[in-house]
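Some notes on the structure that comes next.
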Amino acid sequence: MAMTKKDIKELAIGVGFLLPNILGFLAFTVIPLVMSIYMAFTDWNLEMHNYFRSEPITFVWFENFTRLFSDPDFPQYFGNTFFMMIGIPFGVAGSLVAALLLNMEFVKGDGKKKLMITMILTAVMVACFGLLAVLGLGGTGMTILMVSLLGGVFIIGSIGGKTVYRTLFYFPYFTAGVATFILWKKLYNPLNGPINNALRPLLDALTPVAVMISPACQTIGIVILVLVGLLYLHMVRRKLRLWRDGESGTVSCYLAMILLSLPLIFCWSWVSPTWMHVVMNTPEMKEIANASQELSFLSRDAKWTLLLMLVFLGIGWGRFLYTVYIAKRKYKCIADRGIGDSAIVDGSAMVLNMALVGLCCVFWLLPEMAAAEEGLQPPQWISDYYWAKPSLLIMGFWGAIGSNNMLLYLAGLSGVPQELYEAADIDGASPWQRFWNITWPQLANVTFFIMVMAVIGGLQGGFDMARVMTEGGPAGSTTTLAYYIYTQGFNTGRLGYASAVSWLLFVMVFVVTMFNWKFGNRYTNE
């Protein structure tokens, strides 16, 4: 049907209203996208191709990509990106806990109860002030201010109800990112930051305790590693039970075994040097090490960690292979069923085990730190190579608790049918059973969306924090792929190489998103 003049006029008016948006999309999205594809296969460099020095731009085809994988710093930045994503499960869990707490009903009209809560919280705040005074922190105004704000949040919330709590929890999310990073940079100041000012007297008081338990630190480290192995075996047993009952496929079982085994595999490289370092620096071992015949004994002592982890890995993989290939299963299912469970639940267990391995390293280093002349000292936070990434993870966890994820979970909780809880109460279900069998499955769709967006943001993130707080340091410990693209494109001027890295990052995001979409979406319906 031919268009009339009226139709053409209405179409022209509509296009006119849309034209600014279309032009902006073309100018700031489509054209830069096409140019970045072109630059990824050229030697475009601002030092050679600029207004004052015009050299021909030549195609280098895949040279930028091959140079990328031969760059000695690229594996570190690649690892930094994934290390920063370790905080995603903790951030999601923190958002869920905050949403569950903020979704609890406050008893209306119960003035006595609110008054009692207010009095208790006020007493707690006063006790905190007294503790600060005893520890000699009377002059630390910022620390006292932080404690006052914390106590004020509890007191105001107990009076105003969950609406006040929700507002206060979400309030930090309104703050601009750069302003938040500057604030945390001041908090992390190793010399006069409020965090270290609060930690110094506490660590001074704990130094005698650390010296007292130093002989037991090695045993505590061993116990923690045993807990790592037991958690590994428990998760393997859980996954095999799901596989046997037809709720998990063989592919998802292999994925779970790989994820769960990674902390035990990396444990040797993480813990063994720490163990050797601690042993060599004790006075007794220094005397023993002077005798060459004792070096082999020391070497055997340092290798026990590997043997312990090999025992747990052997038990876990042995049971896995026996169950899958000899004992067989009761019920059949598709091979990739349950991959979402492996990625979320087993991935979270992997992160927990890695955290336990790090705690083991802390205990094994504790005797050396306690024996130092100045005693236990607070961390240098973002100024220290080993503390920089954990510092950013802590800040990210703080920001994730009251973020949009919390609001999404609150919206999801409001959609859970109340009759399910009523039926659970009739059956005598405990609060944990109510959560695990009703709340958590009902939030599967919300969790799936949050995890997809969090993984995409984790792969693309890290630029703002690195640019404002650390400038990628110290020694590149906080340089992620996003910040690496910025430094290569605008600091060194290698736009072609930076474009190649950006397209590699795009491929990674695309692959991970498709994986989540295919298998994680299925998990929401399992």
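Coordinate-derived values only; no laboratory data. Since the structure is predicted, the reported quantities are computational estimates derived from the model, not experimental observations. With ideal geometry, Cβ positions are generated from the backbone for all residues, glycine too; neighbour counts draw on all protein chains shown.
Structure data summary
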{"read-out": "Contour minus Cα-Cα distance for Val223 and Ala327 (0.36 nm per residue)", "value": "34.2 nm"}
{"read-out": "Burial ordering of Tyr331, Tyr385, fewest other beta-carbon atoms within 10 Å first", "value": "Tyr331, Tyr385"}
{"read-out": "Whole-Å semi-axes of the ellipsoid equivalent to the range 1-40 (Cα gyration tensor, √5λ, descending)", "value": "33, 12, 4"}
{"read-out": "Translational D in µm²/s for the range 1-73 (Stokes-Einstein at 10 °C, 1.306 mPa s, Kirkwood Rh from C-alpha pairs)", "value": "97"}
{"read-out": "Karplus 3J(HN,Hα) series, Hz, for the range 483-499 with 6.51 cos²θ - 1.76 cosθ + 1.60 (x for Gly, Pro)", "value": "6, 5, 4, 5, 5, 6, x, 10, 8, 9, x, 7, 5, x, 5, 4, 5"}
{"read-out": "Residue exposure sequence - Lys518, Lys328, Lys185 - by fewest surrounding Cβ within 10 Å", "value": "Lys328, Lys518, Lys185"}
{"read-out": "Environment charge at Pro417 (Cβ cut-off 15 Å; Lys +1, Arg +1, Asp -1, Glu -1)", "value": "-2"}
{"read-out": "Filter on Lys328/Lys518; Lys330/Lys518; Lys239/Lys518 - keep pairs with C-alpha separation over 22 Å", "value": "Lys328/Lys518; Lys330/Lys518"}
{"read-out": "Highest to lowest packing among 400-410, 52-62, scored as the average C-beta count within 10 Å", "value": "400-410, 52-62"}
{"read-out": "Around Met257: net Lys/Arg minus Asp/Glu count, Cβ-Cβ under 9 Å", "value": "0"}
{"read-out": "Net lengthening on full extension, Glu471/Phe52 (0.36 nm per residue, minus Cα-Cα)", "value": "147.9 nm"}
{"read-out": "Length gained when the stretch Glu422-Met104 is fully extended (0.36 nm per residue, less Cα-Cα span)", "value": "112.9 nm"}
{"read-out": "Under 5 Å, built H, 5+ apart or other chain: amide partners of Gly338", "value": "Gly249"}
{"read-out": "5 angstrom amide H check on Thr42, placed H, neighbours 5+ away", "value": "Val60"}
{"read-out": "Relative exposure of Tyr165, Tyr483, judged by other C-beta atoms within 10 Å (fewest first)", "value": "Tyr165, Tyr483"}
